[in-house]
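Input: a single structure, listed below in C-alpha coordinates.
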Amino acid sequence: MIDLYNEMGYDAMAIGNHEFDWGKDVLENRISEAGFPMLAANIYDAATGRRPYRATAMFEMKGIDIGVIGLCYPGSPEITVPEFVEGLKFTDGVSEVNNLADELEAKGADFIIVLAHYGTQRDVDYLTSRIDSRQVELIFDGHAGPKRARVSNDILCSKADHKGRGFARADFTINVATGGIIDRSIELVPVEHEVVYEGENMTPDPEIESKVVKYEEEVEEISSEVIGEATEPITRDYWHLSELGDMVTDSTVWYFNEKIGVPVDFAVQNPGGLRADIDEGDITYGEAYSALPFPNYYVVAEMTGAEVEQLIEDGMNDYGHIQVSGLDFTVNWSKPYGDRVSDLRIHATGEPIDPEVTYYVAANNFIAAGGDRYTELTEVPQVPYYGIAYRDPLVAWVRANIPVTPIIEENITIIGTHPG
(Lines give C-alpha, C1' and ligand atoms only; values in the text may rest on other atoms or scores of the structure.)
Protein backbone atom coordinates (compact mmCIF):
# COMPACT_ATOMS: atom_id res chain seq x y z
CA MET A 1 0.00 0.00 0.00
CA ILE A 2 2.84 2.42 0.74
CA ASP A 3 4.09 1.84 -2.80
CA LEU A 4 0.68 2.84 -4.15
CA TYR A 5 0.36 5.82 -1.80
CA ASN A 6 3.74 7.08 -2.99
CA GLU A 7 2.58 6.81 -6.58
CA MET A 8 -0.64 8.66 -5.74
CA GLY A 9 1.31 11.56 -4.27
CA TYR A 10 0.05 11.61 -0.70
CA ASP A 11 1.13 14.68 1.29
CA ALA A 12 0.64 13.20 4.77
CA MET A 13 -1.01 10.30 6.59
CA ALA A 14 -2.20 9.68 10.15
CA ILE A 15 -0.95 6.54 11.85
CA GLY A 16 -3.89 4.32 12.81
CA ASN A 17 -4.25 1.26 15.00
CA HIS A 18 -3.84 -1.15 12.09
CA GLU A 19 -0.38 0.25 11.37
CA PHE A 20 0.65 -1.75 14.46
CA ASP A 21 -0.85 -5.07 13.29
CA TRP A 22 2.58 -6.46 12.41
CA GLY A 23 4.49 -4.71 15.19
CA LYS A 24 6.51 -1.53 15.65
CA ASP A 25 9.46 -2.71 13.58
CA VAL A 26 7.28 -3.26 10.53
CA LEU A 27 5.69 0.16 11.06
CA GLU A 28 9.16 1.72 11.13
CA ASN A 29 9.89 0.02 7.80
CA ARG A 30 6.71 1.43 6.29
CA ILE A 31 7.56 4.92 7.58
CA SER A 32 11.02 4.70 5.98
CA GLU A 33 9.46 3.60 2.66
CA ALA A 34 6.87 6.38 2.60
CA GLY A 35 7.60 9.44 0.54
CA PHE A 36 5.36 11.43 2.87
CA PRO A 37 5.20 11.91 6.65
CA MET A 38 3.19 9.46 8.77
CA LEU A 39 1.93 11.39 11.78
CA ALA A 40 0.82 10.65 15.34
CA ALA A 41 1.02 13.51 17.82
CA ASN A 42 -0.72 11.63 20.64
CA ILE A 43 1.59 8.61 20.95
CA TYR A 44 4.46 8.71 23.46
CA ASP A 45 7.23 6.46 24.64
CA ALA A 46 5.96 5.59 28.12
CA ALA A 47 9.49 5.47 29.55
CA THR A 48 10.89 8.70 28.12
CA GLY A 49 7.76 10.75 27.48
CA ARG A 50 9.01 11.52 23.98
CA ARG A 51 7.09 11.04 20.76
CA PRO A 52 8.43 8.11 18.70
CA TYR A 53 6.61 9.31 15.60
CA ARG A 54 6.43 12.62 13.81
CA ALA A 55 3.59 14.83 15.03
CA THR A 56 3.14 17.53 12.36
CA ALA A 57 3.92 18.54 8.81
CA MET A 58 3.78 21.79 6.85
CA PHE A 59 3.46 22.38 3.14
CA GLU A 60 2.46 25.20 0.82
CA MET A 61 -0.52 25.16 -1.54
CA LYS A 62 -1.52 28.07 -3.77
CA GLY A 63 0.25 30.58 -1.58
CA ILE A 64 -1.20 29.23 1.67
CA ASP A 65 1.03 27.62 4.32
CA ILE A 66 -0.83 24.58 5.61
CA GLY A 67 -0.05 22.89 8.90
CA VAL A 68 -1.08 19.27 9.50
CA ILE A 69 -1.44 17.46 12.84
CA GLY A 70 -1.83 13.68 12.99
CA LEU A 71 -3.76 11.74 15.65
CA CYS A 72 -4.04 7.99 16.25
CA TYR A 73 -7.08 6.29 17.77
CA PRO A 74 -6.70 6.77 21.56
CA GLY A 75 -8.12 3.31 22.29
CA SER A 76 -5.56 1.53 20.10
CA PRO A 77 -4.01 -0.46 23.00
CA GLU A 78 -7.39 -2.13 23.61
CA ILE A 79 -7.75 -3.33 20.02
CA THR A 80 -4.13 -4.14 19.16
CA VAL A 81 -1.99 -7.12 20.13
CA PRO A 82 -0.48 -5.78 23.39
CA GLU A 83 3.11 -6.72 22.57
CA PHE A 84 2.89 -4.63 19.39
CA VAL A 85 2.15 -1.42 21.33
CA GLU A 86 4.11 -2.30 24.45
CA GLY A 87 5.87 0.72 25.93
CA LEU A 88 3.64 3.22 24.13
CA LYS A 89 1.21 5.66 25.72
CA PHE A 90 -1.81 6.98 23.77
CA THR A 91 -3.65 10.17 24.78
CA ASP A 92 -6.94 11.67 23.60
CA GLY A 93 -5.02 14.24 21.55
CA VAL A 94 -6.82 17.33 22.80
CA SER A 95 -3.86 19.09 24.41
CA GLU A 96 -1.63 17.96 21.55
CA VAL A 97 -3.84 19.62 18.95
CA ASN A 98 -4.14 22.84 20.91
CA ASN A 99 -0.40 23.08 21.67
CA LEU A 100 0.76 22.05 18.21
CA ALA A 101 -1.68 24.44 16.53
CA ASP A 102 0.03 27.25 18.44
CA GLU A 103 3.44 25.97 17.32
CA LEU A 104 2.38 25.66 13.69
CA GLU A 105 0.94 29.18 13.68
CA ALA A 106 4.18 30.47 15.17
CA LYS A 107 5.99 28.82 12.25
CA GLY A 108 3.75 30.64 9.78
CA ALA A 109 0.86 28.25 9.19
CA ASP A 110 -2.16 30.03 7.70
CA PHE A 111 -4.43 27.00 7.79
CA ILE A 112 -4.46 23.89 10.02
CA ILE A 113 -5.78 20.42 9.22
CA VAL A 114 -6.07 17.49 11.64
CA LEU A 115 -5.68 14.00 10.19
CA ALA A 116 -7.42 11.90 12.81
CA HIS A 117 -7.66 8.13 12.73
CA TYR A 118 -9.87 8.82 15.68
CA GLY A 119 -13.22 7.10 16.00
CA THR A 120 -16.96 7.56 15.77
CA GLN A 121 -18.89 10.78 15.21
CA ARG A 122 -19.28 11.01 18.99
CA ASP A 123 -15.49 10.75 19.42
CA VAL A 124 -14.89 13.50 16.88
CA ASP A 125 -17.49 15.73 18.57
CA TYR A 126 -15.58 15.18 21.82
CA LEU A 127 -12.41 16.35 20.09
CA THR A 128 -13.91 19.38 18.37
CA SER A 129 -15.61 20.56 21.56
CA ARG A 130 -12.22 20.80 23.25
CA ILE A 131 -9.99 22.30 20.56
CA ASP A 132 -9.90 25.86 19.24
CA SER A 133 -12.05 26.18 16.11
CA ARG A 134 -10.37 29.51 15.42
CA GLN A 135 -7.19 27.57 14.66
CA VAL A 136 -8.29 24.20 13.25
CA GLU A 137 -10.36 24.50 10.09
CA LEU A 138 -10.67 20.91 8.92
CA ILE A 139 -10.60 17.35 10.30
CA PHE A 140 -10.22 14.36 7.99
CA ASP A 141 -11.22 11.42 10.18
CA GLY A 142 -11.19 7.64 9.89
CA HIS A 143 -11.42 4.45 11.95
CA ALA A 144 -15.10 3.78 12.75
CA GLY A 145 -18.70 4.73 12.23
CA PRO A 146 -20.65 5.60 9.09
CA LYS A 147 -19.32 7.92 6.41
CA ARG A 148 -20.08 11.56 7.10
CA ALA A 149 -19.38 15.14 6.05
CA ARG A 150 -20.53 17.74 8.54
CA VAL A 151 -19.69 20.73 10.73
CA SER A 152 -18.81 20.15 14.38
CA ASN A 153 -17.98 23.10 16.64
CA ASP A 154 -17.54 25.23 13.48
CA ILE A 155 -14.92 22.79 12.13
CA LEU A 156 -15.50 20.95 8.85
CA CYS A 157 -15.24 17.19 9.50
CA SER A 158 -15.43 14.17 7.24
CA LYS A 159 -15.05 10.41 7.22
CA ALA A 160 -15.03 8.95 3.73
CA ASP A 161 -16.25 5.47 2.89
CA HIS A 162 -13.90 2.57 3.58
CA LYS A 163 -11.90 0.27 1.30
CA GLY A 164 -11.48 2.92 -1.38
CA ARG A 165 -15.22 3.23 -1.98
CA GLY A 166 -15.11 7.00 -1.73
CA PHE A 167 -13.12 10.05 -0.75
CA ALA A 168 -13.77 13.35 0.99
CA ARG A 169 -13.19 16.70 -0.69
CA ALA A 170 -13.00 20.01 1.16
CA ASP A 171 -12.93 23.32 -0.69
CA PHE A 172 -11.88 26.61 0.89
CA THR A 173 -11.79 30.03 -0.74
CA ILE A 174 -9.17 32.06 1.11
CA ASN A 175 -8.06 35.67 0.85
CA VAL A 176 -4.32 35.20 0.46
CA ALA A 177 -3.60 38.74 1.62
CA THR A 178 -5.50 38.46 4.90
CA GLY A 179 -5.74 34.69 5.40
CA GLY A 180 -9.50 35.05 5.90
CA ILE A 181 -11.83 32.32 4.72
CA ILE A 182 -14.38 33.59 2.20
CA ASP A 183 -16.20 30.35 1.55
CA ARG A 184 -15.92 26.66 2.46
CA SER A 185 -17.60 23.32 1.74
CA ILE A 186 -17.07 19.62 2.27
CA GLU A 187 -18.50 16.64 0.41
CA LEU A 188 -18.16 12.87 0.09
CA VAL A 189 -17.51 11.51 -3.40
CA PRO A 190 -18.39 7.85 -4.00
CA VAL A 191 -16.03 5.73 -6.07
CA GLU A 192 -18.04 2.83 -7.46
CA HIS A 193 -17.81 1.46 -10.98
CA GLU A 194 -17.85 4.35 -13.47
CA VAL A 195 -17.44 7.63 -11.62
CA VAL A 196 -18.10 11.06 -13.00
CA TYR A 197 -16.15 13.71 -11.11
CA GLU A 198 -16.15 17.40 -12.08
CA GLY A 199 -17.88 16.49 -15.33
CA GLU A 200 -15.39 13.85 -16.47
CA ASN A 201 -15.26 10.09 -16.23
CA MET A 202 -12.58 8.93 -13.83
CA THR A 203 -10.26 6.32 -15.33
CA PRO A 204 -7.60 4.19 -13.61
CA ASP A 205 -4.20 5.80 -13.43
CA PRO A 206 -1.96 3.56 -15.59
CA GLU A 207 0.97 3.64 -13.16
CA ILE A 208 -1.23 2.75 -10.19
CA GLU A 209 -3.05 0.10 -12.18
CA SER A 210 0.22 -1.55 -13.24
CA LYS A 211 1.39 -1.76 -9.63
CA VAL A 212 -1.93 -3.24 -8.50
CA VAL A 213 -1.78 -5.83 -11.28
CA LYS A 214 1.81 -6.68 -10.31
CA TYR A 215 0.86 -7.40 -6.71
CA GLU A 216 -2.27 -9.28 -7.73
CA GLU A 217 -0.24 -11.52 -10.01
CA GLU A 218 2.22 -12.27 -7.20
CA VAL A 219 -0.50 -13.72 -4.97
CA GLU A 220 -2.86 -15.01 -7.66
CA GLU A 221 -1.79 -18.66 -7.54
CA ILE A 222 -2.39 -18.89 -3.79
CA SER A 223 -5.41 -16.62 -3.47
CA SER A 224 -7.34 -18.13 -6.40
CA GLU A 225 -7.13 -21.72 -5.14
CA VAL A 226 -10.64 -23.08 -4.63
CA ILE A 227 -10.82 -24.74 -1.22
CA GLY A 228 -14.55 -25.46 -1.07
CA GLU A 229 -18.06 -24.28 -1.79
CA ALA A 230 -20.74 -22.36 0.13
CA THR A 231 -24.41 -23.06 -0.48
CA GLU A 232 -25.29 -19.60 0.88
CA PRO A 233 -23.40 -16.39 1.73
CA ILE A 234 -21.43 -16.66 4.98
CA THR A 235 -21.88 -13.30 6.67
CA ARG A 236 -20.68 -11.36 9.70
CA ASP A 237 -22.66 -9.48 12.35
CA TYR A 238 -21.02 -7.29 14.96
CA TRP A 239 -23.90 -7.44 17.43
CA HIS A 240 -25.18 -11.02 17.10
CA LEU A 241 -23.70 -14.47 16.66
CA SER A 242 -23.07 -14.64 12.91
CA GLU A 243 -22.73 -17.36 10.29
CA LEU A 244 -19.04 -16.58 9.82
CA GLY A 245 -18.37 -16.28 13.55
CA ASP A 246 -20.11 -19.57 14.19
CA MET A 247 -18.20 -21.32 11.41
CA VAL A 248 -14.85 -19.94 12.55
CA THR A 249 -15.37 -21.01 16.16
CA ASP A 250 -16.95 -24.39 15.26
CA SER A 251 -14.08 -25.15 12.90
CA THR A 252 -11.60 -24.22 15.63
CA VAL A 253 -13.09 -26.71 18.13
CA TRP A 254 -13.13 -29.37 15.40
CA TYR A 255 -9.56 -28.60 14.27
CA PHE A 256 -8.01 -28.88 17.71
CA ASN A 257 -9.90 -32.01 18.69
CA GLU A 258 -9.95 -33.90 15.40
CA LYS A 259 -6.93 -32.67 13.41
CA ILE A 260 -4.23 -32.23 16.05
CA GLY A 261 -5.64 -34.08 19.04
CA VAL A 262 -5.68 -31.20 21.52
CA PRO A 263 -8.77 -31.22 23.78
CA VAL A 264 -10.83 -28.02 23.38
CA ASP A 265 -14.32 -27.54 24.83
CA PHE A 266 -15.16 -24.09 23.49
CA ALA A 267 -13.76 -21.52 21.05
CA VAL A 268 -14.24 -17.77 21.05
CA GLN A 269 -13.60 -15.07 18.46
CA ASN A 270 -13.88 -11.29 18.62
CA PRO A 271 -16.17 -9.88 15.90
CA GLY A 272 -13.55 -7.26 15.01
CA GLY A 273 -11.32 -10.07 13.76
CA LEU A 274 -13.86 -11.05 11.09
CA ARG A 275 -13.15 -8.65 8.25
CA ALA A 276 -15.10 -9.83 5.19
CA ASP A 277 -18.10 -11.96 4.26
CA ILE A 278 -17.71 -15.05 2.06
CA ASP A 279 -19.91 -15.21 -1.03
CA GLU A 280 -22.11 -18.09 -2.11
CA GLY A 281 -20.41 -20.46 -4.53
CA ASP A 282 -16.77 -21.43 -4.79
CA ILE A 283 -14.69 -20.43 -1.75
CA THR A 284 -11.12 -19.44 -2.54
CA TYR A 285 -8.18 -19.24 -0.18
CA GLY A 286 -8.14 -15.50 -0.91
CA GLU A 287 -11.67 -15.17 0.46
CA ALA A 288 -10.70 -17.03 3.63
CA TYR A 289 -7.69 -14.75 3.97
CA SER A 290 -9.81 -11.62 3.47
CA ALA A 291 -12.23 -12.85 6.13
CA LEU A 292 -9.39 -13.55 8.60
CA PRO A 293 -6.45 -11.39 7.48
CA PHE A 294 -4.47 -10.72 10.64
CA PRO A 295 -1.18 -12.43 11.60
CA ASN A 296 -2.76 -14.05 14.64
CA TYR A 297 -2.17 -17.54 16.02
CA TYR A 298 -4.12 -19.64 18.52
CA VAL A 299 -3.77 -20.24 22.21
CA VAL A 300 -5.66 -22.72 24.38
CA ALA A 301 -6.63 -21.35 27.80
CA GLU A 302 -7.38 -23.45 30.87
CA MET A 303 -10.40 -21.92 32.62
CA THR A 304 -12.89 -22.78 35.32
CA GLY A 305 -16.58 -22.49 34.53
CA ALA A 306 -16.72 -19.26 36.54
CA GLU A 307 -13.85 -17.86 34.47
CA VAL A 308 -15.55 -18.91 31.23
CA GLU A 309 -18.67 -17.01 32.30
CA GLN A 310 -16.55 -13.92 32.97
CA LEU A 311 -14.94 -14.36 29.54
CA ILE A 312 -18.37 -14.28 27.90
CA GLU A 313 -19.16 -11.16 29.97
CA ASP A 314 -15.93 -9.60 28.66
CA GLY A 315 -17.10 -10.32 25.13
CA MET A 316 -20.34 -8.37 25.46
CA ASN A 317 -18.81 -4.92 25.19
CA ASP A 318 -18.71 -1.87 22.94
CA TYR A 319 -16.56 -3.83 20.46
CA GLY A 320 -19.44 -6.18 19.66
CA HIS A 321 -20.91 -9.58 20.48
CA ILE A 322 -18.46 -12.40 21.23
CA GLN A 323 -18.55 -15.20 18.66
CA VAL A 324 -18.57 -18.57 20.40
CA SER A 325 -18.83 -22.30 19.80
CA GLY A 326 -20.18 -24.78 22.33
CA LEU A 327 -22.12 -22.47 24.66
CA ASP A 328 -25.70 -21.23 24.95
CA PHE A 329 -26.59 -18.21 27.07
CA THR A 330 -28.77 -15.14 27.50
CA VAL A 331 -27.43 -11.60 27.07
CA ASN A 332 -29.31 -8.55 28.33
CA TRP A 333 -27.94 -5.43 26.66
CA SER A 334 -29.98 -3.17 28.94
CA LYS A 335 -27.79 -4.18 31.88
CA PRO A 336 -24.38 -2.62 32.60
CA TYR A 337 -21.20 -4.06 31.14
CA GLY A 338 -20.05 -6.95 33.31
CA ASP A 339 -23.56 -8.03 34.29
CA ARG A 340 -25.17 -8.88 30.95
CA VAL A 341 -24.80 -12.66 30.68
CA SER A 342 -26.92 -15.32 32.39
CA ASP A 343 -28.04 -18.94 32.03
CA LEU A 344 -24.72 -20.16 30.59
CA ARG A 345 -25.11 -23.74 29.35
CA ILE A 346 -23.11 -26.33 27.42
CA HIS A 347 -24.68 -26.48 23.98
CA ALA A 348 -24.20 -30.22 23.41
CA THR A 349 -25.94 -31.30 26.63
CA GLY A 350 -28.00 -28.32 27.74
CA GLU A 351 -26.45 -28.59 31.19
CA PRO A 352 -25.45 -25.45 33.13
CA ILE A 353 -21.75 -24.76 33.06
CA ASP A 354 -20.11 -25.85 36.32
CA PRO A 355 -18.23 -22.94 37.93
CA GLU A 356 -15.71 -25.35 39.52
CA VAL A 357 -14.96 -27.60 36.54
CA THR A 358 -11.95 -26.92 34.27
CA TYR A 359 -12.64 -26.27 30.59
CA TYR A 360 -10.31 -25.64 27.66
CA VAL A 361 -10.98 -22.61 25.46
CA ALA A 362 -9.31 -21.78 22.12
CA ALA A 363 -8.85 -18.12 21.22
CA ASN A 364 -6.64 -16.05 18.96
CA ASN A 365 -3.60 -14.47 20.59
CA PHE A 366 -5.00 -10.95 20.19
CA ILE A 367 -7.89 -11.45 22.60
CA ALA A 368 -5.84 -13.91 24.66
CA ALA A 369 -3.57 -10.96 25.46
CA GLY A 370 -6.53 -8.79 26.51
CA GLY A 371 -7.38 -7.15 23.20
CA ASP A 372 -10.93 -5.79 22.77
CA ARG A 373 -11.29 -5.92 26.58
CA TYR A 374 -11.09 -9.71 26.88
CA THR A 375 -9.22 -9.30 30.14
CA GLU A 376 -10.26 -12.59 31.76
CA LEU A 377 -8.08 -14.51 29.33
CA THR A 378 -4.99 -12.72 30.59
CA GLU A 379 -5.54 -14.14 34.08
CA VAL A 380 -5.51 -17.86 33.22
CA PRO A 381 -2.91 -20.42 32.06
CA GLN A 382 -2.42 -20.51 28.29
CA VAL A 383 -0.59 -22.75 25.83
CA PRO A 384 0.34 -20.97 22.56
CA TYR A 385 0.14 -22.74 19.19
CA TYR A 386 2.33 -20.46 17.12
CA GLY A 387 2.11 -22.62 14.01
CA ILE A 388 -1.67 -22.40 13.72
CA ALA A 389 -2.76 -19.21 12.00
CA TYR A 390 -6.24 -18.14 12.97
CA ARG A 391 -7.54 -18.86 9.45
CA ASP A 392 -6.11 -22.41 9.34
CA PRO A 393 -9.05 -24.17 11.08
CA LEU A 394 -11.57 -22.48 8.80
CA VAL A 395 -9.61 -23.44 5.66
CA ALA A 396 -9.27 -27.05 6.84
CA TRP A 397 -12.97 -27.20 7.79
CA VAL A 398 -14.07 -25.90 4.38
CA ARG A 399 -11.81 -28.40 2.60
CA ALA A 400 -13.25 -31.26 4.67
CA ASN A 401 -16.92 -30.29 4.32
CA ILE A 402 -17.76 -29.58 0.68
CA PRO A 403 -20.17 -27.91 0.35
CA VAL A 404 -20.59 -25.94 3.57
CA THR A 405 -23.93 -24.52 4.65
CA PRO A 406 -23.81 -21.68 7.22
CA ILE A 407 -25.89 -22.61 10.25
CA ILE A 408 -25.88 -20.97 13.67
CA GLU A 409 -26.26 -23.83 16.12
CA GLU A 410 -25.75 -22.12 19.48
CA ASN A 411 -28.83 -20.72 21.21
CA ILE A 412 -28.21 -17.11 22.20
CA THR A 413 -31.16 -15.26 23.69
CA ILE A 414 -30.88 -11.48 23.34
CA ILE A 415 -32.78 -9.02 25.52
CA GLY A 416 -32.70 -5.28 24.84
CA THR A 417 -30.81 -3.29 22.25
CA HIS A 418 -27.05 -3.44 21.88
CA PRO A 419 -25.06 -0.20 22.38
CA GLY A 420 -23.58 -0.06 18.87
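Which condition does Asp279 not pass, out of (1) acidic (Asp, Glu); (2) within 18 Å of the chain's Cα centre (by Cα); (3) at pLDDT 95 or above, if it passes all the others?
It is condition (2) that Asp279 fails.
Examine region 351-362 for a residue that is in a loop (DSSP other than H, G, I, E, B), in the same structural domain as Gln310 (by TED's automatic domain parsing) and touching a residue at least 60 places away in the same chain (Cβ under 8 Å), and state whether such a residue exists. Steps first, answer last, please.
Step one: of region 351-362, the residues in a loop (DSSP other than H, G, I, E, B) are 351, 353-357.
Narrowing further to those that are in the same structural domain as Gln310 (by TED's automatic domain parsing): 351, 353-357.
Restricting the remaining residues to those that are touching a residue at least 60 places away in the same chain (Cβ under 8 Å) gives none.
There is no residue in region 351-362 that is in a loop (DSSP other than H, G, I, E, B), in the same structural domain as Gln310 (by TED's automatic domain parsing) and touching a residue at least 60 places away in the same chain (Cβ under 8 Å).
Scan region 214-242 for residues that are farther than 21 Å from Thr405 by Cβ and either at pLDDT 85 or above or of a type in the set (Phe, Trp, Tyr) (or both) and report the count. Outline the logic, then answer.
Looking only at region 214-242, we keep the residues that are farther than 21 Å from Thr405 by Cβ, and these are 214-225, 238-239.
When the remaining residues are screened for being either at pLDDT 85 or above or of a type in the set (Phe, Trp, Tyr) (or both), the result is 214-215, 217-225, 238-239.
Final tally of qualifying residues: 13.
Can you find a residue in region 376-399 that is out of contact with any helix residue (DSSP H, G or I) (no Cβ under 6 Å at 6 or more places or on another chain) and among the basic types (Lys, Arg)?
Yes; the residues of region 376-399 include at least one that is out of contact with any helix residue (DSSP H, G or I) (no Cβ under 6 Å at 6 or more places or on another chain) and among the basic types (Lys, Arg).
So Thr358 passes all but one of these: (1) in contact with a His (Cβ under 7 Å, 6 or more places away or on another chain); (2) closer than 30 Å to Tyr386 by Cβ; (3) surrounded by fewer than 21 Cβ atoms within 10 Å (Cβ to Cβ). Which condition number does it fail?
All conditions pass for Thr358, except number (1).
Is there a residue in region 243-265 that is at pLDDT 85 or above, touching a Lys or Arg at 6+ places or on another chain (Cβ under 9 Å), in a loop (DSSP other than H, G, I, E, B) and assigned by TED's automatic domain parsing to the domain that holds Arg340?
Taking region 243-265 first, the residues at pLDDT 85 or above are 243-265.
In the following step, the residues that additionally are touching a Lys or Arg at 6+ places or on another chain (Cβ under 9 Å) were identified as 243-245, 248.
This time we only want the ones that are in a loop (DSSP other than H, G, I, E, B), so: none.
The answer is no; no qualifying residue exists.
Right, Gly164: under 20 Å from Ala12 (Cα atoms), exposed (fewer than 11 other Cβ atoms within 10 Å of the Cβ) and out of contact with any helix residue (DSSP H, G or I) (no Cβ under 6 Å at 6 or more places or on another chain) or not?
Working: under 20 Å from Ala12 (Cα atoms): yes; exposed (fewer than 11 other Cβ atoms within 10 Å of the Cβ): yes; out of contact with any helix residue (DSSP H, G or I) (no Cβ under 6 Å at 6 or more places or on another chain): yes.
Yes, satisfied.
Note down all Cβ pairs under 9 Å where the first residue falls in region 275-293 and is assigned to a loop (DSSP other than H, G, I, E, B), the second is basic (Lys, Arg) and surrounded by fewer than 17 Cβ atoms within 10 Å (Cβ to Cβ), and they're at least six residues apart or on different chains.
What qualifies is Leu292/Arg275; Pro293/Arg275.
Does Ile415 qualify as being within 21 Å of Leu244 (Cβ to Cβ) and either among the aromatic types (Phe, Trp, Tyr) or at pLDDT 90 or above (or both)? If you could, list the steps in order and put the result at the bottom.
Values: within 21 Å of Leu244 (Cβ to Cβ): no; either among the aromatic types (Phe, Trp, Tyr) or at pLDDT 90 or above (or both): yes.
No: the conditions fail for Ile415.
For residues that are among the small types (Gly, Ala, Ser) and within 12 Å of the chain's Cα centre (by Cα), scanning just region 265-275, find the one that is surrounded by the fewest Cβ atoms within 10 Å (Cβ to Cβ). Outline the logic, then answer.
Start the filter on region 265-275 by keeping residues that are among the small types (Gly, Ala, Ser), which leaves 267, 272-273.
Cutting the leftovers down to within 12 Å of the chain's Cα centre (by Cα) gives us 272-273.
On the way: Gly272: 16, Gly273: 23.
Per the stated criteria, the residue is Gly272.
List the number of the failed condition for Thr178; all other conditions in (1) part of a loop (DSSP other than H, G, I, E, B); (2) within 30 Å of Leu311 (Cβ to Cβ); (3) not small (Gly, Ala, Ser) hold.
Just one mismatch for Thr178, condition (2).
Given the structure, is Tyr285 at pLDDT 95 or above, surrounded by 22 or more Cβ atoms within 10 Å (Cβ to Cβ) and within 17 Å of Ala396 (Cβ to Cβ)? Before you say what the answer is, go through the steps one by one.
Values: at pLDDT 95 or above: yes; surrounded by 22 or more Cβ atoms within 10 Å (Cβ to Cβ): no; within 17 Å of Ala396 (Cβ to Cβ): yes.
No, not satisfied.
Tally the residues that are more than 17 Å from Thr249 (Cα to Cα) and in a loop (DSSP other than H, G, I, E, B), restricting the search to region 367-382.
4
Is at least one residue of region 302-321 part of a loop (DSSP other than H, G, I, E, B) and either over 26 Å from Thr235 (Cα atoms) or of a type in the set (Val, Ile, Thr) (or both)? So that I can check it myself, show each step before the final result.
Our first condition is that a residue be part of a loop (DSSP other than H, G, I, E, B); within region 302-321, this holds for 315, 318-319.
The next check asks that each one be either over 26 Å from Thr235 (Cα atoms) or of a type in the set (Val, Ile, Thr) (or both); those that pass are none.
No, region 302-321 has no match at all.
Of everything in region 115-151 that's among the hydroxyl-bearing types (Ser, Thr, Tyr) and over 24 Å from the mean Cα position of the chain (by Cα), which residue is nearest to Ala276 (Cα to Cα)?
Going through region 115-151, the residues among the hydroxyl-bearing types (Ser, Thr, Tyr) turn out to be 118, 120, 126, 128-129, 133.
Retained after the next criterion (residues that are over 24 Å from the mean Cα position of the chain (by Cα)): 129, 133.
Details: Ser129: 35, Ser133: 38 Å.
Applying the filter and picking the extreme gives Ser129.
To keep it simple, each residue is scored yes or no on (1) outside the structural domain of Ala149 (by TED's automatic domain parsing); (2) closer than 20 Å to Ile155 by Cβ; (3) free of Cβ contacts under 8 Å to residues at least 24 places away in the same chain.
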site: Asn175; (1), (2), (3): no, yes, yes
site: Gly180; (1), (2), (3): no, yes, yes
site: Asp183; (1), (2), (3): no, yes, yes
site: Ile186; (1), (2), (3): no, yes, no
site: Pro190; (1), (2), (3): no, no, no
site: Glu198; (1), (2), (3): no, no, yes
site: Asn201; (1), (2), (3): no, no, yes
site: Glu207; (1), (2), (3): no, no, no
site: Ser210; (1), (2), (3): no, no, yes
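Collect the residues in region 129-138 that are over 13 Å from Phe111 (Cβ atoms) and surrounded by 19 or more Cβ atoms within 10 Å (Cβ to Cβ), keeping them in residue-number order.
If the condition is that a residue be over 13 Å from Phe111 (Cβ atoms) and surrounded by 19 or more Cβ atoms within 10 Å (Cβ to Cβ), then Ile131 is the only one that fits.
Of everything in region 89-105, what is surrounded by fewer than 21 Cβ atoms within 10 Å (Cβ to Cβ) and more than 21 Å from Asn175 (Cβ to Cβ)? Give them in sequence order. Break it down stepwise before answering.
Going residue by residue through region 89-105, those that are surrounded by fewer than 21 Cβ atoms within 10 Å (Cβ to Cβ) are 89, 91-92, 94-95, 98-99, 102-103, 105.
Listed by number, the residues that qualify are Lys89, Thr91, Asp92, Val94, Ser95, Asn98, Asn99, Asp102, Glu103.
The values are calculated or read from the model by the stated rules, or taken from the named source; none is laboratory data. Everything numeric in this text was worked out from a predicted model, so none of it was measured. We place every Cβ from the backbone using ideal geometry, glycine too, and count neighbours over all the protein chains shown.
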